[in-house]
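What follows is one structure encoded as structure tokens, with my remarks underneath.
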Amino acid sequence: MAVNHAKAVKDHRRRERTVHEKGPPQELIDLRNDTRDYLPKWLKAFMPDAFPLEFSPDHIEMLELEQDVILDGGMYTIAMPRGTGKTTGAGIGAVIWGLLEGHIRYGVQVGADAKSAGEMLDAVKSQLLNNELIQQGYAPVTGWLEAVQDEHGDFDFEPCGYIAAGEGTSQKYKSQLRPDGRPAHVTWSKTPQKIVLPWLPDSTCKDYDIRCNGAVLEARGLTGGLRGMKHCLPNGEIIR
């Protein structure tokens, strides 16, 4: 009897740790396909609250330059007045676009110090956790809380993706399991300041058009040891 109870408890805990995967609705799949190759268009589509006004020609020039750097590499210095969207556009929005669309496998947000870099990473985390367009458009990597009704007519909320299921709590991400029972390898930490998106089977990536499998984003200050940064993926590949 005790053995059966222990097994039931173990199975329940495993189910609690297993993430329910659900893909994006068709309209957001279409929106992704329409915007993934042009950063300014993607920002207006997926971050409309952050960019409520039309972009000026200077904004378009800045964002297109940022897009070129993300896609093809390069080094540039851009100067614009305070409050005109440099950090929100280039430091946060472009990074999210590059990360989720698979243009960035290992990104580093560099600030004047660790605090300012961490604030940019926190802004990325907030968008992944709270922006409904990103939550649904990039599920099951991100995901949302879906209302479900039990046999008694009571409602609860079931997370439909990995970021949503972890609720922004680092310990919950560490224990997450994929439906096949393997660890998802998600990191959501303050020390070091780092995000690692879930590592999913090839079949899941194909079914849901996931291009950011195991992508990494870190935040460092200028004096925070930027040389030699690397990350080992679950398949043994080392990315830098």
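The values are calculated or read from the model by the stated rules, or taken from the named source; none is laboratory data. Everything numeric in this text was worked out from a predicted model, so none of it was measured. Note that we place each Cβ from the backbone using ideal geometry, even for glycine, and neighbour counts take in every protein chain shown. Protein only, heavy atoms only, side chains kept; ligands, DNA and RNA dropped before computing areas. Shrake-Rupley method; radii C 1.70, N 1.55, O 1.52, S 1.80 Å.
Extending each Cα 7 Å along its Cβ direction at LEU65 and ASP30, get the distance between those two points in nm, one decimal.
Once both label points are built, they end up 3.6 nm from each other.
Please state the relative contact order of the chain as a whole percent: Cα pairs under 8 Å, 6+ residues apart?
Relative contact order of the chain: 23 percent.
At a probe size of 1.4 Å, how large is the accessible area of TYR138, to the nearest 10 Å²?
Number for this one is 10 Å².
For the chain, what is the calculated [θ] at 222 nm in deg cm²/dmol (nearest 500), taking -39500 (n - 2.57) for each run of four or more DSSP H residues and dividing by its residue count?
Mean residue ellipticity at 222 nm (helix-derived): -11500 deg cm²/dmol.
Cα atoms only, segment 1-132: Rg and Dmax in Å?
Cα-based Rg and Dmax for segment 1-132 come out at 19.9, 72 Å.
Working out 0.36 nm times the residue gap between ASP207 and PHE155, then minus their Cα-Cα distance, what length gain in nm do you get to one decimal?
Gain on stretching ASP207 to PHE155: 15.8 nm.
For the chain, which span is the longest to avoid every loop-located (per DSSP) member of GluC sites (Glu not before Pro) having at most 12 other Cβ atoms inside 10 Å?
55-150
Please report the carbon-and-sulfur percent of the accessible area for the chain; probe 1.4 Å, protein heavy atoms only, DNA, RNA and ligands left out.
52 percent
Please compute the modelled spin-label separation between ARG182 and GLU119, points set 7 Å along Cα→Cβ, answer in nm with one decimal.
Each label point lies 7 Å from its Cα, and together they span 4.0 nm.
From the Cα trace of segment 107-240, what convex hull volume per residue do you get, rounded to a whole Å³?
Roughly 121 Å³ of hull volume per residue.
Considering the chain as a Gaussian network with a 10 Å cut-off on Cα pairs, which listed residue, PHE55, PHE46, PHE155, attains the greatest mean-square fluctuation?
For the chain, modelled as a Gaussian network with Cα springs under 10 Å, the answer is PHE155.
Given the pairs LYS44/LYS230; LYS86/LYS194; LYS41/LYS172; LYS44/LYS86, which span a C-alpha to C-alpha distance of over 25 angstrom in this model?
LYS44/LYS230; LYS41/LYS172
Considering every pair of different Cα atoms, what Kirkwood radius, in Å, is found for the chain?
With all distinct Cα pairs of the chain included, I get 19.1 Å.
Under a 1.4 Å probe, what is the accessible area of the chain per residue, stated in Å²?
56 Å²
Please compute the length gained on full extension between ASP58 and LYS174, using 0.36 nm multiplied by the number of residues separating them and subtracting their Cα-Cα distance.
37.6 nm
Note down the accessible area of HIS59, probe 1.4 Å, to the nearest 10 Å².
40 Å²
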